[in-house]
Structures are given as structure tokens and as C-alpha cells.
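The values are calculated or read from the model by the stated rules, or taken from the named source; none is laboratory data. Source: prediction; values computed, not measured. When we count neighbours, we look across all protein chains shown, and the Cβ atoms used for this are built from the backbone with ideal geometry, even at glycine.
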Amino acid sequence: MRIAMIGTGYVGLVSGVCFSDFGHDVICVDQNADKIDQLSAGKVPIYEPGLQDLMLKNVEAGRLSFTTDLASAVAGAEAVFIAVGTPTRRGDGHADLTYVMAAAEEIAAAITDYTVVVTKSTVPLGTNRSVKQTIAKANPAAEFDVASNPEFLREGAAIDDFMKPDRVVVGVQNSRAAEVMGEIYRPLYLRDFPILTTDLESAEMIKYAANAFLATKITFINEIAGLCERSGADVKEVSRGIGLDGRIGNKFLHAGPGYGGSCFPKDTAALARIGQDHAYPMQITETVIRVNEEVKQRMVEKLRDACDGSFNGKTIAVLGVTFKPNTDDMRDAPSLTIVPALIGGGAKVRVVDPQGRAEGEALLPGVKWMEDPYHAARNADLVVLLTEWNEFRALDLKALARKMTSPRMVDLRNIYNAKTAKRGGFEYYTAVGRAERV
Ligand code: NAD
């Protein structure tokens, strides 16, 4: 099967590489010539574990190539995937469909034979129908169908998620498109992963509903965490206690500094907007968005308390700024709220992150980037654990505390506990949702 993948971001590149690994012929297209140059030279422009090796393997096998020339990739392709960005539109929370529609126009002009145009980007209800209209209008002779195929991979575990998905969702309008999609995903089907075939709108809704549900689950435990702190309960015990209930499940129940990343913030905003557009406010989602902002502010206040009420003149070492470990993605990371608040309050901020620097330098002006936690902690007043990279999970707390002017730690990921911190020489330690502290 010949596939064109439009967009080589986190989703497009991973999908393209994995489809080629299934045995399909894949051409990945991006309008960013710099990205295509890097990819053609065998370099992956993002940090995603395992991606580089899998990409090189399939390039060598002759199944995977890269181009900026969309028309040549689309001509003769049986399926064309749109995997471009759908960021929040400035001002109104709506998903910005500019890139999707621009790609649809370009695809229209390049279609030769029967093609299924598949939207992999996360898009609001009705977008696949708009893509269909756009293509039909631009090229009335084109023989094509549209399909919605939302992606559920997680950055940092993207290849595994793509290869072993909980499910694949495919929205179609007829059996011809369904057959093409079935053929593309057949290698998974043989391994018995469920492929759910629906209409276009249900597929579009499944993606938003899934992300809004997960954002709600995280926000729920974060809110419970705030109450735990005030009432003497331990949110880690509470998470375990409720997560063992099969109806609740134990995933996405880790209290922390609020959700961030490239999907949850923009997709919850878009769902809220879709609700408003249909005069049917998504009240739970709207509340989740608001509470998540409050959670981040609560973290700032927690850090202020650890600095005796003022950041002014303090030196603070922040460990981890990407929105989660194993990615270089900084989009809507909680660090983008928390770090500027520290700097705005007069603190000197040092930052350590295994992969975040390239993206983070422009986003976090005024911080000093350090190579490792121990250098960052030298003469610092406070260490903040913000992203739970493995590199920060087994710190030598004694060595860390010895470097500091006042050994204080705020652990926003609940990696350590008060007892361990005290044993390590910290005179102040607090975490999230746990009353116990040093
Ligand atoms: P991204 O911003 O990392 O990548 C998008 C790429 O598309 C960019 O490289 C851009 O240059 C390219 N592009 C834009 N318009 C183009 C055009 N007309 N022709 C060729 N290339 C073009 O985005 P992403 O994180 O990969 O997300 C893509 C979509 O997938 C979004 O809708 C997102 O919501 C969804 N999604 C993302 C994730 C995730 O974890 N990142 C997970 C599931 C779904």
C-alpha cells in the first residue's frame, strides 16, 4: 500500500515510520524544509525514544522517504494522511484548522487515482465533511473518500502506543474507504487489536471525549490532593485505594502540578468551544480547564511558602521543564506558568532538563540552563522537582542538600517522601497532596 503522510511532527513522523515498518511504502511530507533536510540526513528533529533507529531501518529497506513536494507524494498514493497541527486559535479557544484546510487544498490539486484522504489530526466535529467539500470543490474530477482516524499515541511512548494500541478508531462514509483503512491497519488486526469503525462525527468526537475524560481524571485527583493536604490524608494512598477499583482504574491518578502538553489544554479548550457553538455548554470540561489553572497557581503558592513568603532574592533550582518525561515537548507545560512566576517574584532560576533546552530556551527567558541537578543546587535556596525524568528519581539527596544554602525541596511529582528527604539532610520538604512534611 502506498501512503503519503502530510506533516512530520510528533504524530505524522511516528505514524509514517510505523506504517513503513508494517511494510507499506510511505512518503512523509513537510513544508518545513529544514525538518525534511534533517530527516533525509537520517536525523530525527524531535526527541522520541526508539524513533531514530526504526526510521533508519525502514529508510534502508526502501519503504520510507521524505520530501517537501506534496504533489509528488500524493500522486499515486492510495491513502493520504493529514497529520498537521491544530493548535488553539487565538482568542476563542477553537481549534485552528488553517493547516488542515491548506493541506486539503494542496492534496486536491495532486490527487490522481482513487485516494482515501485521512485526517489524523485532532479536529472538531464536521471537519472531515469540510475537508471533503474543500477537495471536491477544488478538484471536481477527483475520485476520493475521506476518513477520520484520530491518533491516541503518547509522546515518550509513541512507538509502543502506535504498534500496540488499545484500539484504532476509523470514521468512514462507505465500505470502499473502510476497506482501504482495514488494509492499512491489517498488521495490527492480525495481532488482535480492536479496530472500531464508526461514522465521521463519532470518530471525531471519540478523540475529544477521550482527552477531556483523561484531563478530568487528572484534575479530579489534583483537586482531591489539595483537600488531602488540608485534612491529613495522603493522596498516594487515596489514588491506590480508588485505582484498585476496576471501574475507576489506576492510570492517570498521579497528583501533580496540573496537566499540560500539546493535547489536553488545546483539546479541552476546543471541546468547550464546540459545546458553546452548539449552545450546549460542556460544563464539566469548562470547570476542568478552570481548576487546572488554579492547580498551577496553587503550586506557585506552595513554592512561595517554601521561600518564606517571597521569591525575591532567592535562588531556585528547577528540575524538569518539559510537560512530562521522555519528550522535548514544551507546549503548555506547567513550567511555563510556574517558572515565570518565580522570576516575576524576583528569584534567580536555574533549570535542568535532559531534553527540554532546545525548545525551552526561547520559552523561558531569564533562566540559567545547567547540566545537572548538583550544579544547579549549588548555593540554592530551594530545589523544585517539576518533571519526573528518571534522572531525578534517584538523586543523592545528601549530596544535593550539602550544596545548598538552605536545603529545601518542593517535590511536585511525589517522587520522594518526607522521611527520605529528612534523612538526606533536607530541612524543608513538601510534596503534593500529602500532609506529612519536613
Ligand atoms: P506538530 O506541530 O509537531 O507537527 C505538525 C507538522 O505539520 C509540522 O512539522 C508542520 O511543518 C507540518 N505542516 C503543517 N502544514 C503543512 C502542510 N500544508 N504541508 C506539509 N506539512 C505541513 O504537531 P503534532 O504534535 O504532531 O500534532 C499533529 C496533530 O495530531 C494535532 O492535531 C494534534 O492534536 C494531534 N495529536 C497529537 C498528539 C501528540 O502527542 N503530539 C497525540 C495525538 C494527536
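Taking segment 16-51 as the range and being near the ligand (Cβ under 9 Å from one of its atoms) and either of a type in the set (S, T, N, Q) or not assigned by TED's automatic domain parsing to the domain that holds Met101 (or both) as the test, the residues that pass are Gln31, Asn32.
Scanning segment 310-318 finds no residues that are in a helix (DSSP H, G or I) and surrounded by 20 or more Cβ atoms within 10 Å (Cβ to Cβ). In segment 146-162 there is at least one residue that is outside any helix (DSSP H, G or I), buried (at least 22 other Cβ atoms within 10 Å of the Cβ) and more than 14 Å from the ligand (Cβ to nearest atom).
From the set of residues in segment 68-87 that are near the ligand (Cβ under 10 Å from one of its atoms) and within 27 Å of the chain's Cα centre (by Cα), which is surrounded by the fewest Cβ atoms within 10 Å (Cβ to Cβ)? Top of the filtered list is Pro87.
Among the conditions (1) within 16 Å of the ligand (Cβ to nearest atom); (2) at pLDDT 95 or above; (3) in a loop (DSSP other than H, G, I, E, B), Ala272 misses just one, which is (3).
For Thr219, the conditions (1) assigned by TED's automatic domain parsing to the domain that holds Asn128; (2) within 30 Å of Pro257 (Cβ to Cβ) are fulfilled apart from (1).
What are the residues in segment 326-366 that are in a loop (DSSP other than H, G, I, E, B), free of Cβ contacts under 8 Å to residues at least 40 places away in the same chain, surrounded by fewer than 23 Cβ atoms within 10 Å (Cβ to Cβ) and under 19 Å from the mean Cα position of the chain (by Cα), if any? Spell out the reasoning first.
Looking only at segment 326-366, we keep the residues that are in a loop (DSSP other than H, G, I, E, B), and these are 326-334, 345-347, 353-356, 364-366.
Okay, now just the ones that are also free of Cβ contacts under 8 Å to residues at least 40 places away in the same chain, so 330, 346, 353-354, 356, 365-366.
Filter again for surrounded by fewer than 23 Cβ atoms within 10 Å (Cβ to Cβ), leaving 346, 354, 365-366.
Selection gives Pro354 alone.
State whether the residues of segment 96-112 include one that is polar (S, T, N, Q), touching a residue at least 12 places away in the same chain (Cβ under 8 Å) and within 16 Å of the ligand (Cβ to nearest atom). Quick ask: steps written out before the conclusion?
Restricting attention to segment 96-112, the residues satisfying the condition of being polar (S, T, N, Q) are 98, 112.
Filter again for touching a residue at least 12 places away in the same chain (Cβ under 8 Å), leaving 112.
Cutting the leftovers down to within 16 Å of the ligand (Cβ to nearest atom) gives us none.
No, that holds for no residue.
Residues of segment 375-387 include at least one that is buried (at least 22 other Cβ atoms within 10 Å of the Cβ), closer than 22 Å to Lys296 by Cα and among the polar types (S, T, N, Q).
Assess whether Ala279 counts as being assigned by TED's automatic domain parsing to the domain that holds Asn390, within 16 Å of the ligand (Cβ to nearest atom) and more than 29 Å from Asp372 (Cα to Cα). It is false that Ala279 is assigned by TED's automatic domain parsing to the domain that holds Asn390, within 16 Å of the ligand (Cβ to nearest atom) and more than 29 Å from Asp372 (Cα to Cα). Would you mind stating whether Val438 is at pLDDT below 95, hydrophobic (A, V, I, L, M, F, W, C) and farther than 30 Å from Ala269 by Cα? For Val438, the condition - at pLDDT below 95, hydrophobic (A, V, I, L, M, F, W, C) and farther than 30 Å from Ala269 by Cα - is met.
How many of the residues making up segment 1-13 are outside any loop (DSSP other than H, G, I, E, B) and within 8 Å of the ligand (Cβ to nearest atom)? Number of matching residues: 5.
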